[in-house]
1. Name the single residue that is modelled with the highest pLDDT among those in the range 1-21 being β-branched (Val, Ile, Thr) and part of a helix (DSSP H, G or I).
2. Between Val129, Val135, Val114, which is within 21 Å of Met28 (Cα to Cα), in contact with a Phe, Trp or Tyr (Cβ under 7 Å, 6 or more places away or on another chain) and at pLDDT below 90?
3. Testing Leu175 on (1) in contact (Cβ under 8 Å) with a residue 60 or more places away in the chain; (2) in contact with a Lys or Arg (Cβ under 9 Å, 6 or more places away or on another chain); (3) under 17 Å from Tyr77 (Cα atoms); (4) surrounded by fewer than 20 Cβ atoms within 10 Å (Cβ to Cβ), one condition comes back false. Which one is that?
4. Does any residue of the range 181-200 turn out to be touching a His at 6+ places or on another chain (Cβ under 9 Å) and closer than 30 Å to Asp61 by Cβ?
5. So for the range 47-70 (the condition being closer than 30 Å to Asp188 by Cα and modelled with pLDDT of 80 or more), does at least one residue qualify?
Amino acid sequence: MTEVSREPQQDRSRATRQRLLEAAIECMAERGWSASTVAVVAERAGVSRGAAQHHFPTREDLITSAVEYVSAQRLAYLRSQAVDLPPGPERIRAVLALVERMYTSPLFRAAINVWVAASSDDRLRDRVVGLEAQVGRESHQTVLELLGVDESVPGVREAVQATLDLGRGLGLAHLLTDDTRRRRRVLDQWATMLAATLLNRKEA
């Protein structure tokens, strides 16, 4: 097989893999773990079950790869916004808005369904725990960079972690009902408190 003919085949393979990952995310967000079988995901992606299993031999392989893909997309989105952030207190509000969007998106809903399934599935839990620990570290570092703060300053690390924990909790509440108005009030108050903490630490 020539180099020219191999490249289109590799491109098709990558495209098929991405369609499967995106279909898995949609199924997890809309239907949950138990309904997101390889056959269901393959049908949604428009590929054969055999083709799906070529890329992902088991459902655990497919779903954990999808969660990894979701996490990478979320972090890439956060990082891509860094160039447009305003200075001062408005920067903090802008970063909180990004965190809010990250935790109220269909991507986060899909991740939640995986967490629930992993809580009662040893094989899945072993995969998800390590992945989520990595995502947590990278999210923390990214928010530090977006805020432009130094976590070696006392209190900064805890304030940033509290921000992520708050965003995650508000995202969980959003799963059942649209609580946008309450969430915005909470985030507005947190922005004021966070500005008092972070900006004072910077000046000190």
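The values are calculated or read from the model by the stated rules, or taken from the named source; none is laboratory data. Note that the coordinates shown come from a computational prediction; the quantities given were computed from them, not determined experimentally. Every residue, glycine among them, receives a Cβ derived from its backbone with ideal geometry; neighbour counts consider all protein chains shown.
1. If we filter the range 1-21 for residues that are β-branched (Val, Ile, Thr), which is where we start, we get 2, 4, 16.
Then drop every residue that is not part of a helix (DSSP H, G or I), which leaves 4, 16.
Working: Val4: 47, Thr16: 92.
This residue is Thr16.
2. Val114
3. It fails just one condition, (3).
4. Looking through the range 181-200, none of the residues is touching a His at 6+ places or on another chain (Cβ under 9 Å) and closer than 30 Å to Asp61 by Cβ.
5. Scanning the range 47-70 turns up no residue that is closer than 30 Å to Asp188 by Cα and modelled with pLDDT of 80 or more.
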